[in-house]
Structure formats: C-alpha cells, structure tokens
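The next block holds one structure in the form of structure tokens; read it before the comments.
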Amino acid sequence: DDAEDKPVVGVPVSACGALQLPEVLFGAAALSQIYNDDAHISGFTPVRTVRLALRYGVNAFDTSPYYQESEIVLGTVLKALAVDFPRSSYKLMTKCGRYGSRVADCDYSPATIRASVQRSLSRLHTDYLDAVYLHDVEFVATQVGPRVAGDPTLALTERKAEYGLVEGEEAKVWGAGDQQILDALAELRKMKDEGIVKSIGITGYPLPMLLRLALLALHTPPYQPLDVLLSYSHLTLQTNAFEAFAPHFRERARIPQLLTASPLNMGLLTPTPPAWHPAPPELKAAAKTAVEQCTDWEGGLPNLAVGYGYRKAKKLGVPMVVGLSNHREVHENVQVWREITEGKADQNRVAQEENISRMFGEHHGWSWASPP
Ligand code: NAD
C-alpha cells in the first residue's frame, strides 16, 4: 500500500434505490482491452483500482461476458481481496445474451442464457449474482419504429404509435425477436427462483425500445415488472434523454431500480475515444472540439462530464455506472461525486457545462442508431 491507494478522507459513497446500490458503480468494461489497448496496458493495475474503489464505498460492479476478459479479471481480483472484502460487502451485476459486436453474435436461447449465467458465476467466484441483465436487447428484439438516429423523446409524444408505445397495446408481441426476449426473461426468472440470481432486467441504447420491452414484460404472463433496467450514454453533456424516460420506466413499467451508465459517453468525451465508438463522424468531431475547448477546466472535459452525469443522476435518484481504468480515475471520480454531493458544484462548473452542451448543436439530445 502506498499513499495513492488510500481514499482521500471524506464521506463514503452513499447508497440509493431499491437495491441499495452505491451512487457510483464500478463500470468493469474498463478492466479489459475494450478501453485499455496496448497504449494503456503498461499502467493496468486492476487490484489497486478495484481495492481503492471498494475502500471508497464504490461496492457494486457492472460487467458482462461481452467485455472480453472483464469478468475473469474482476473475479480474480475480488478473490484476491476476499479477506478484506468478503462477497457480502459488494454487489455483482453481469449480463448475458450478447457475445460479440454483430447482431449474429447474440444468443438469447434459454439454454445459452443459463449456461452463460453459470459461466459468470464461476468466473466471478460466487454462488449468486445480484443482478443479471439481457445485454443490449435491441440486437435481438423485433425492430419497431425507425432504426434511424434522432431525438428519442419524440417516441413519448407524437410518435408513440410508430414506436409501439400506445397505451392499451403494451402486450403486443411484434415478432420472433420479442418472443426471444420473453423466453430469455422466463429462464432468468427460473434462476431467480433458484436463488442464484437476485434481480433480473435488460440493458440497451434506444430508450423507446427499452420502454416498449419493459412494458411488454409487465403486460404478459407472469405479469411481473423487471427488477432492474440499465440505460447508457443518455445522461451526458451530449444528451439527457434519460430524464424524460425515467418516470415512464418507474411509473408505467413499475421498475424499482433504474441505473444509468457512461457519463463520458463511452469515452467520446475524453481526449482518447475508442476506435470502435458507434457515434457518427459529425458527433465525434463536435466531441473533439469540446475536449479542446475545455483545457482551462482542471481535469478537462472528463472531469466536467462526470460531474454533470452525477448531478443529473442524483436528481433522478439513480446510480451512475462509470468506467474506472486506474486508481487515478477512482480518486478523481469520487472527488467529483463529493463536490456534487456537498453542493460545491460552483456556478463556473455549470456555466462550462452549458457551453459544452451547446457545442453539440443539432446533435444535442440526439441518439445514434443501434444496432448500426
Ligand atoms: P464511461 O463513459 O463511463 O467511461 C469511458 C472511459 O473513460 C473509460 O475508459 C474510463 O476508464 C475513462 N474515464 C473514467 N473517468 C475518467 C476521468 N476522470 N478522466 C479520464 N478518463 C476517465 O464509459 P463505459 O466504461 O463504457 O461505461 C461505464 C460502464 O457502464 C461500463 O464499464 C459498463 O460496465 C457499463 N455499460 C453498459 C452498457 C450496456 O449494458 N449496454 C453500455 C455501456 C456501458
């Protein structure tokens, strides 16, 4: 242990929501080469990173078999830290059904879902998972509504019919893809009854699709709401569309625990966005300008963007999952959480946020098409 591995003294990250999750969750996609390619690998210190996060109270982890070696690295690290941090001291959330970047790499068949969860249990050295999500449901569900980029909040108002969100039609199964989702959820429910999974839900990018499927789950047998839903890259300086959907997920779809992820828009709002990022060139160009314009702010655009995400998430009572690649990001991101929590976000921060948001112009509030 050196000084860098000790939390800076202050209040630990607090818990929120039905699952009593920390307000900041550890996004463990960062514990893989998805974000840490050869340029970063020499600084890859997962034990230090995870241990420091746990010391701060960041005691829930989001991972997936799709995140390359993430589950294996996380499981190995948590096993090594088990004396100080036993299984009961943290929560583990993983996913199933998506195993590669193409639509063809998804498999939601009940047998695969079960085998996937069993493999995750083994990789994470645990006999239960706090939550398991169907990963990126839009890759499997029946496509309803246009798969084009745009403002997703229109699906809540004038374009309800187009997106399958008309009241009274929630139980409509639009095709084979929807049936696959329902069958996969049924298998997850069985594993919940067996006690190996505590909560089940879905993740994905297009908000209208997430809402439609959450309503479908509630309005078809066994008429149970999802326990959890995770939305990503929709509560950021580029778009806060999640704000408009959160009441619908809660009140219409009756989901007790919502989560939001990726305040840095999966690296788009950093100086080194990953090459695979799905945003179109115009949005990448606007983000690059935003990074360059933010050099006067200490910590640059990443610091500003994390603070914005936390403040918005806190207001909604929803935890934020942030990718943490190293101990410096843990220190910085918890420090920002404290600033926000203690109400120290000064007017200068808010003014900078407004400037940056404006730089996205017509792309502010806008979602890209997923799958592409
Ligand atoms: P993010 O926006 O949280 O982070 C992107 C990158 O920024 C990461 O590489 C991270 O290491 C880096 N970073 C974090 N803090 C920083 C700082 N202060 N300064 C500079 N760089 C910083 O994106 P993410 O990691 O994709 O999302 C967070 C987590 O949410 C993921 O790890 C994953 O667990 C989850 N997630 C799930 C889905 C899904 O289910 N479909 C999609 C996206 C993310």
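The values are calculated or read from the model by the stated rules, or taken from the named source; none is laboratory data. All of these numbers come straight from a predicted model, not from anything done at the bench. Neighbour counts are summed over all protein chains in view; Cβ atoms, including those assigned to glycine, are modelled from backbone coordinates with ideal geometry. Calculation scope for accessible area: heavy atoms of the full protein, side chains included, ligands and nucleic acids excluded. Shrake-Rupley method; radii C 1.70, N 1.55, O 1.52, S 1.80 Å.
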Charge dipole of the range 3-363 built from unit charges on the beta carbon (Lys, Arg +1; Asp, Glu -1), centred at mean Cα; most positive-end Cα among Gly43, Tyr128, Ser32 is Tyr128
Carbon plus sulfur, as percent of the 1.4 Å-probe accessible area of the chain, comes to 53
Computed ³J(HN,Hα) along the range 252-259: with the Karplus parameters 6.51/-1.76/1.60, θ = phi - 60°, integer Hz and x for glycine or proline, the list is 7, 8, 6, 7, x, 10, 9, 9
Within the range 318-372, DSSP-loop trypsin sites (Lys or Arg not before Pro) with at most 11 other C-beta atoms within 10 Å are Lys344
Per residue, the convex hull enclosing the Cα atoms of the range 3-363 spans a volume in Å³ of 133
Projected area averaged over all directions for the convex hull of the alpha carbon atoms of the range 29-155, nm², comes out at 10.1
Accessible-area order for Glu23, Glu251, Glu329, largest to smallest, probe 1.4 angstrom, reads Glu251, Glu329, Glu23
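On a 1.4 Å probe surface of the protein chains, which of Trp276, Trp297 comes out largest in accessible area, and what is the full order?
Values: Trp276 110, Trp297 35 Å².
Descending order: Trp276, Trp297.
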Quick tally, 1.4 Å probe accessible area for Cys294, Cys106, sorted with the most first, runs Cys106, Cys294
Violations at 25 Å Cα threshold for listed pairs Lys6/Lys315; Lys314/Lys344; Lys6/Lys95; Lys91/Lys172 -> Lys6/Lys315; Lys6/Lys95; Lys91/Lys172
Measuring from its Cα centre, the chain shows a charge dipole (+1 at each Lys and Arg Cβ, -1 at each Asp and Glu Cβ) which, in debye to the nearest 20, is 620
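Per DSSP H run of n ≥ 4, the term is -39500 (n - 2.57); total these for the chain, divide by its residue number, and report the mean residue ellipticity at 222 nm rounded to 500 deg cm²/dmol. It would help to have the intermediate numbers written out before the result.
Details: 10 runs with 131 residues, N = 372.
Helix-only estimate at 222 nm: -11000 deg cm²/dmol.
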Rounded to the nearest 5, the percent of antiparallel DSSP beta bridges in the chain equals 10
Beyond 13 Å, the calculated P(r) of the range 237-297 holds a percent of Cα-Cα pairs equal to 68
